[in-house]
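These notes concern the structure reproduced below.
The values are calculated or read from the model by the stated rules, or taken from the named source; none is laboratory data. Quick caveat: nothing in here was measured; it's all calculated off a predicted structure. With ideal geometry, Cβ positions are generated from the backbone for all residues, glycine too; neighbour counts draw on all protein chains shown.
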Amino acid sequence: MKRFIAAAFLLGLTLAQYNQALSAPADPWKALGFLEGTWNAHTQGGAAKAQSSGTYTFKPELKHHVLVRSSASAACRGPKSFDCEHSDVLYVYQEGEDQPLRAIYFDNEGHVIHYDVSTPDSTTAIFISEPSQSGQQYRLVYELKDALMSGKFQMRMPGQAEWKSYLEWSGAKK
């Protein structure tokens, strides 16, 4: 009888822990872990018609309450309208527990973009801005395939269904 009670107790404890594990919210930062590190970036296309290379780094900050992406340009050639001295920073954050991840982007040209963040699979992150009646909507996509990170900065005008790439890049982790 004592063995039966002990077995029942252990089974109940195991089921309680299993149920708690199923109901615990997933760690949203874990889904972005594949981005962390320093990556080479070489442009490949897009409407910007620029050729550039450099690096960008995704690094957790503030006890992993923020993921920061910063970039550095090494070489660039492009039309006069393209800023070869471009620099920017992206902060990914969570406003509160059980809230979705969001991001905010700043650059040296004065642009500020607010993004919602999603991870449709374990190697893709999509940053998408709110649609606007009067202006463009923006999408930033990172995808890791075979140790090569690809990225796209895309735009869409109001009423358009298609996204158009302004800049596309890829590179391996340093």
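Looking only at the stretch 98-115, filter to residues that are within 17 Å of TRP29 (Cβ to Cβ) and free of Cβ contacts under 8 Å to residues at least 24 places away in the same chain; which one of those is surrounded by the most Cβ atoms within 10 Å (Cβ to Cβ)? Can you show your working first?
Just the residues of the stretch 98-115 that are within 17 Å of TRP29 (Cβ to Cβ), to begin with: 98-104, 115.
Now drop any that are not free of Cβ contacts under 8 Å to residues at least 24 places away in the same chain, which leaves 99, 102, 104.
Details: GLN99: 10, ARG102: 15, ILE104: 13.
It comes out as ARG102.
Taking LEU90 as the residue in question, decide whether it is at pLDDT below 80 and on the phi < 0 side of the Ramachandran plot. Judged against the criteria, LEU90 is not a match. Quickly run through the stretch 68-100 and pick out the residues that are part of a strand (DSSP E or B), touching a Lys or Arg at 6+ places or on another chain (Cβ under 9 Å) and within 26 Å of GLN44 (Cα to Cα). Scanning the stretch 68-100 gives VAL68, ARG69, SER70, ASP88, VAL89, LEU90, TYR91, VAL92.
State whether one or more residues within the stretch 75-90 are of a type in the set (A, V, I, L, M), in contact with a strand residue (DSSP E or B) (Cβ under 9 Å, 6 or more places away or on another chain) and under 25 Å from GLN136 (Cβ atoms). Checking the stretch 75-90: at least one residue is of a type in the set (A, V, I, L, M), in contact with a strand residue (DSSP E or B) (Cβ under 9 Å, 6 or more places away or on another chain) and under 25 Å from GLN136 (Cβ atoms).
Per the conditions (1) under 18 Å from TYR142 (Cα atoms); (2) within 18 Å of the chain's Cα centre (by Cα), the sole criterion not satisfied by ASP107 is (1). Among the residues examined, TYR142 qualifies as in contact (Cβ under 8 Å) with a residue 60 or more places away in the chain, of a type outside the set (A, V, I, L, M, F, W, C), within 17 Å of PRO28 (Cα to Cα) and part of a strand (DSSP E or B).
The condition (being small (Gly, Ala, Ser) and touching a Gly at 6+ places or on another chain (Cβ under 6 Å)) is satisfied by just one residue among ALA50, ALA75, ALA103: ALA50.
Among the residues of the stretch 96-143, those identified as more than 21 Å from MET157 (Cβ to Cβ), acidic (Asp, Glu) and modelled with pLDDT of 95 or more are ASP121, GLU143.
Of all residues in the stretch 121-151, those being under 11 Å from the mean Cα position of the chain (by Cα) and surrounded by fewer than 16 Cβ atoms within 10 Å (Cβ to Cβ) number 1. Scanning the stretch 27-40 for residues that are surrounded by 14 or more Cβ atoms within 10 Å (Cβ to Cβ) and modelled with pLDDT under 95 yields PRO28, TRP29.
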